[in-house]
1. Could we say that A:G450 is in the same structural domain as A:I133 (by TED's automatic domain parsing) and either assigned to a loop (DSSP other than H, G, I, E, B) or not small (G, A, S) (or both) here?
2. With respect to B:A452, is the statement that it is under 30 Å from B:A65 (Cα atoms), surrounded by fewer than 22 Cβ atoms within 10 Å (Cβ to Cβ) and touching a strand residue (DSSP E or B) at 6+ places or on another chain (Cβ under 8 Å) true?
3. Hey, any hits in region B:275-297 for a residue that's among the acidic types (D, E), outside any loop (DSSP other than H, G, I, E, B), farther than 27 Å from B:K430 by Cα and over 23 Å from the mean Cα position of the chain (by Cα)?
4. Residues that are facing chain B (nearest Cβ under 8 Å) and closer than 18 Å to B:N458 by Cα: which strands (runs of 3 or more DSSP E) entirely in region A:461-521 hold 1 or more of them?
5. I'm trying to understand the selection: among the residues of region B:287-308, which are crowded, with 23+ Cβ neighbours inside 10 Å and more than 22 Å from B:A465 (Cα to Cα)?
6. When region B:425-448 is examined, which residues are found to be farther than 23 Å from B:F471 by Cβ, among the polar types (S, T, N, Q) and either facing chain A (nearest Cβ under 7 Å) or surrounded by 22 or more Cβ atoms within 10 Å (Cβ to Cβ) (or both)?
7. Would you confirm, using the coordinates I've provided, whether A:A500 is in contact (Cβ under 8 Å) with a residue 40 or more places away in the chain and outside the structural domain of A:A388 (by TED's automatic domain parsing)?
8. Considering only region A:20-59, how many residues are of a type in the set (D, E) and in contact (Cβ under 8 Å) with a residue 60 or more places away in the chain?
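The values are calculated or read from the model by the stated rules, or taken from the named source; none is laboratory data. Keep in mind that what you see is a predicted model, and the values were worked out from it rather than measured. Positions of Cβ are backbone-derived with ideal geometry, glycine not excepted, and every protein chain shown enters the neighbour counts.
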2 protein chains.
Amino acid sequence: MHPVLINGQWISAKSSGAFTATNPQTGETLPGEYPISNWDDCDRALTAATAAYQEMLKIGREPVAKFLGLYADKIEGQKQELAAMANLETGLPVAPRLHDVELPRTIGQLRQASAAASSQSWTLPTIDTANNIRSLHASIGPVFSIGPNNFPFAYNGVAGGDFAAAIAAGNPVIAKAHPAHPSTSRMLAELAHAAAGEVGLPTGAVQMVYRTSHEDGLRMIADPRIMATGFTGSRHAGLAIKRASDEAGKPAYLEMSSVNPVVILPGAIAERSTDIVGEFCTSCLMAAGQFCTNPGFVVLIAGETTEAFVKAVAQKFSDSPSGTLLTSGVRAALGQSVKTLIDSGAVLVAGGSADQGPRVAFENTVLRVSGSKFLKSAETYQTEMFGAASLFVVAKDLEEVTQIMTHLEGNLTGTIYLAKDGSDDAAYTKVATKLRQKVGRLLNNKMPTGVAVSAAMNHGGPFPATGHAGFTAVGFPATIRRFSMLQSFDGVREDLLPDALRDQNPDGQLWRFIDGNWTQK
Amino acid sequence: MHPVLINGQWISAKSSGAFTATNPQTGETLPGEYPISNWDDCDRALTAATAAYQEMLKIGREPVAKFLGLYADKIEGQKQELAAMANLETGLPVAPRLHDVELPRTIGQLRQASAAASSQSWTLPTIDTANNIRSLHASIGPVFSIGPNNFPFAYNGVAGGDFAAAIAAGNPVIAKAHPAHPSTSRMLAELAHAAAGEVGLPTGAVQMVYRTSHEDGLRMIADPRIMATGFTGSRHAGLAIKRASDEAGKPAYLEMSSVNPVVILPGAIAERSTDIVGEFCTSCLMAAGQFCTNPGFVVLIAGETTEAFVKAVAQKFSDSPSGTLLTSGVRAALGQSVKTLIDSGAVLVAGGSADQGPRVAFENTVLRVSGSKFLKSAETYQTEMFGAASLFVVAKDLEEVTQIMTHLEGNLTGTIYLAKDGSDDAAYTKVATKLRQKVGRLLNNKMPTGVAVSAAMNHGGPFPATGHAGFTAVGFPATIRRFSMLQSFDGVREDLLPDALRDQNPDGQLWRFIDGNWTQK
């Protein structure tokens, strides 16, 4: 049985059971057993994190910044081994996906987090000289970080965006590995552990368990020693986490579900239907559609060109090989979602069934429904199909499209394709005004998959896409502020202030908001 | 029966009952009846707010900025009448409190909100030119604003900080008047209505009902047409609002309760006991202690000077006349809190009983308890006494003080008095490290009452003081961002972007975060 990482040591878990991982490409069980930690493990990790936090308040930000940089270097040094293991456990291709896209992004995120931790740019230091009141965002305390199945690196609980952000703020992190890729998580945690040791982070700063019971997981979230939770995963699990956090009065940053509506206006189809078919199919089929920003909901206006468009997509979906899904659970959930939509009245245009054979797969799937039907059961028709599947909603006119927009739930992204010659501009404004309020990121003329790690990114959006409309899970420095508290200092003696709030700029480069203006002075 | 303000008109309420206000200085019922609106009123207001929001998205920020400025002017023009009415309804003194302190603050807040709405400074426009991704904070939709009993102007649902912030972001507001000062709220709403009409705000932009059933209030909060709620008031009501908001997946900004711990270190007492006695009594007795930042919890280290300190405070409390409380409900709750503390083992040092006679009042009250007793029932001993009352916790040594800090709940403020000669510095660091994590604002050598409307203010703090540790209810521009959503624009054509995100700075003055630097270019 693999040990867990608690308080700076790989130790035997106090476990209530064990689990194994599966190679979804072959259906075979992979070697190695991993513990389902019981509350003793959780409790020890919580106690160690609490002690670590007190230490982290003392040692300041430089060890944290160094840790993040060194960890990134170590991951870079093991890219091949990591990509190979993640491929075994997830079925995602080594190249380009794991080795050339996701690992560089993960390494880049850790480096951006390191730079932000060092510069303190995320703290928004604010000084009111007339009142001698000063404020900044500061660390909040131990964070519980729970990653999803679909990004073994970039969203991993012990290496991904939430981890990087929470640590960069100066918080200890207790990570929960995703049970679909335990050894990928173990390899990452080993590198993190080594890096933490080399820079002298407190022993409880980076910890990892593989799995707990649902009950213990929720108990962790509600425990007074946890100050915030970061989660990426299913809506069902996210809502349970939200309830536990809400009840305890603490924040949970949840990325739960999104169908990512794509509206294709008539001028755009008339102008470049073939291009858009290609872009859509690439986006929706990539990695078997297992992206939170997968374009799973397409809105079109009825007409001949739209019929041709749907037909062309269906053809491409049928002609393309199905991708490997992460787990048999993903396959079962996808089948269930497809069934829910069909039972409600959506019509199958392509695919619709699980593949036969040991490989975990599902046919590329297109469903369609009329705008009027959608409006009668709007909630059901927004059931997420996590996989290479999309629902086409064919509205009778632009007015119906705007009504559909009004009935959308919150989403991570919303996309509008419009003609380049300006002929869709009036329609665009009508649609965008409604869609803008429902999504975190609005795109024009490009598909929503691909999330740049940018200061201007919003990978978040109104509930139920995420837990709060004002925060993003991707992009520094904003993502760090999720795991912070706002601290104001009123009449505090200058030498007792954090260095970012003293009269002298700590390094002559930190941007501070002083008396209504941003300055590096 | 007074009419309610719905959809731009003062109309007869659809009501399920009526209530009256009381003059707490005399115990007499004031003239005028006010409706308890039923769901029909709520529903009409929600529909009007929804329509108004669509209009507000179109008309942009200038009418909102003008409205806030004009509203401030109108309040300034009626200061005397407003102060007189608020005095009748709340018992708070006309001068200096209402006329010279709270009204100027209210007017100043509205003007700061107006300036922020106009400048868009609160939106944090962020541009990543390499990726052509741009983001800002934008309005979120209709906001429900519920004010408290203790600030008839500065936190009024239709004129206070939450109102100003929510409108400044471009959101319609439905306000609930506090039933203890309905005509003060009516006068404010009349001025708001006039100002909104003059600048041409949509009719549903500013609405007010006096009161609803608890059930309808919670139904409002959960209604899909409300996007966020602002609330200041009791913990009990706040938690009910939090549950309703959480369940519906939307933010509630709650200011609920706070005992505002004040730690007085030995060197400070030795150095200037008389001064600190004076500062404490002024702060705790002002306005009968009815401030959310009232110093209700004082931590001292046992010793002769501490005994003298407690004795001097008790003497001053006994010698000072009791203030008038806002309502008989406040008096009853204060009596209950005092009883809870005494039943748990706290000892009465001064006061402790309600005053006799028609005036609503309660004796100035000091209780004390040992540090070791506190540590055995820490939660009970943090029961808020809303009024001129404070619990003195006498610890046996510095170590016990830091333990007490560890057991504190979240608070709006925390204060440390330390010697000016440096003799408390080592002790300060031990205490401040713990206290800092429990409070939104940390003060040195000054009492926590008095909340400057400053960009660096945090009038907020960890739960259960407020609903989220990262937001403040006071201070522009941060307070406005509570009522916003983060909007990212990915590849959106430049002329379809909000003006704050176009290449050209809209007015050459807006601070924007472009490629990692703040600039006005």
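1. Values: in the same structural domain as A:I133 (by TED's automatic domain parsing): no; either assigned to a loop (DSSP other than H, G, I, E, B) or not small (G, A, S) (or both): yes.
Against the criterion (in the same structural domain as A:I133 (by TED's automatic domain parsing) and either assigned to a loop (DSSP other than H, G, I, E, B) or not small (G, A, S) (or both)), A:G450 does not qualify.
2. On the way: under 30 Å from B:A65 (Cα atoms): yes; surrounded by fewer than 22 Cβ atoms within 10 Å (Cβ to Cβ): yes; touching a strand residue (DSSP E or B) at 6+ places or on another chain (Cβ under 8 Å): yes.
Taking the combined requirement at face value, the residue satisfies it.
3. First, pick out the residues of region B:275-297 that are among the acidic types (D, E): B:275, B:279.
Keeping just the survivors that are outside any loop (DSSP other than H, G, I, E, B) gives B:275, B:279.
With the extra rule that they be farther than 27 Å from B:K430 by Cα, the set shrinks to none.
No; the residues of region B:275-297 include none that is among the acidic types (D, E), outside any loop (DSSP other than H, G, I, E, B), farther than 27 Å from B:K430 by Cα and over 23 Å from the mean Cα position of the chain (by Cα).
4. Working: elements: A:484-490, A:512-514, A:517-519.
Result: A:484-490, A:512-514.
5. The answer is B:L300, and nothing else.
6. In the first step, residues of region B:425-448 are kept if they are farther than 23 Å from B:F471 by Cβ; the result is B:425-431, B:433, B:444-447.
Now drop any that are not among the polar types (S, T, N, Q), which leaves B:429, B:433, B:444-445.
Selection gives B:T433, B:N444, B:N445.
7. On the way: in contact (Cβ under 8 Å) with a residue 40 or more places away in the chain: yes; outside the structural domain of A:A388 (by TED's automatic domain parsing): yes.
Taking the combined requirement at face value, the residue satisfies it.
8. In the first step, residues of region A:20-59 are kept if they are of a type in the set (D, E); the result is A:28, A:33, A:40-41, A:43, A:55.
Subset that is in contact (Cβ under 8 Å) with a residue 60 or more places away in the chain: A:28, A:41, A:55.
Count: 3.
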